[in-house]
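Chemist: Handing you this structure, nothing more for now.
The values are calculated or read from the model by the stated rules, or taken from the named source; none is laboratory data. The structure displayed is predicted, hence computed values, not measured ones. Virtual Cβ from ideal backbone geometry, glycine too; neighbours counted across all protein chains shown.
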Amino acid sequence: MGKINAVNLGDLEKRTDREIDAAIKKVLSLIREGKTSLIVVGKRGRPTKYNDKLCKILPVMFANGESVSEVCAELGIHKDTFHNWVKLHPDFSDSYKKGLELSEAWWTKLGRRGAMGVDKVQPATWIFNMKNRFGWTDRVEQVVSTTVDTAAADMSPEDRRKKINALLERPDEP
């Protein structure tokens, strides 16, 4: 095919009926003659549900420990849409971070109340939730000690090989 023409249909409401009819006839004629392909440029899909007001209510929606899935269900959107909004709208991203802090605080408070016997909490479930939702981990202490033989720099290559072989033949130290 020949040249590709782009027709912006996103602003049809700004055009007169006569202009729209003329543009359609021209494009259809070019397509029939095999001189062009049609590429539609402009708004597609359903209108977004995003609204700047969501930034104000989002932290409150997480305040009782809710997850992203629960908030999405409440908003009537998919999680992918939610995460796209986080990427596209900085204010929404900030509100989301505040909401996550409120959610984590709610769960932390629940764990503390459970530890004090105020609330009945399943410890394994609570720990599993905190690790998976908020990145909590068990503290693991590792002690690493090593010695550096600075004298090796002054050795000849042959002496260094002998030293290395001697170290490799030595049994592991406890």
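Chemist: Sort through W106, W136 and tell me the only one that's outside any helix (DSSP H, G or I), in contact with a helix residue (DSSP H, G or I) (Cβ under 9 Å, 6 or more places away or on another chain) and closer than 20 Å to V68 by Cβ.
Modeler: On the way: W106 fails: outside any helix (DSSP H, G or I).
Going through W106, W136 in turn, just one is outside any helix (DSSP H, G or I), in contact with a helix residue (DSSP H, G or I) (Cβ under 9 Å, 6 or more places away or on another chain) and closer than 20 Å to V68 by Cβ: W136.
Chemist: In region 128-174, what residues are over 30 Å from W107 (Cβ atoms), surrounded by 10 or more Cβ atoms within 10 Å (Cβ to Cβ) and of a type in the set (S, T, N, Q)?
Modeler: Across region 128-174, the qualifying residue is only N165.
Chemist: Right, next: Please specify each residue of region 139-174 satisfying the condition of being small (G, A, S) and either assigned by TED's automatic domain parsing to the domain that holds L102 or part of a helix (DSSP H, G or I) (or both). Even if it seems obvious, please write down each step before you answer.
Modeler: The initial filter retains those residues of region 139-174 that are small (G, A, S), namely 145, 151-153, 156, 166.
Within region 139-174, A151, A152, A153, A166 qualify.
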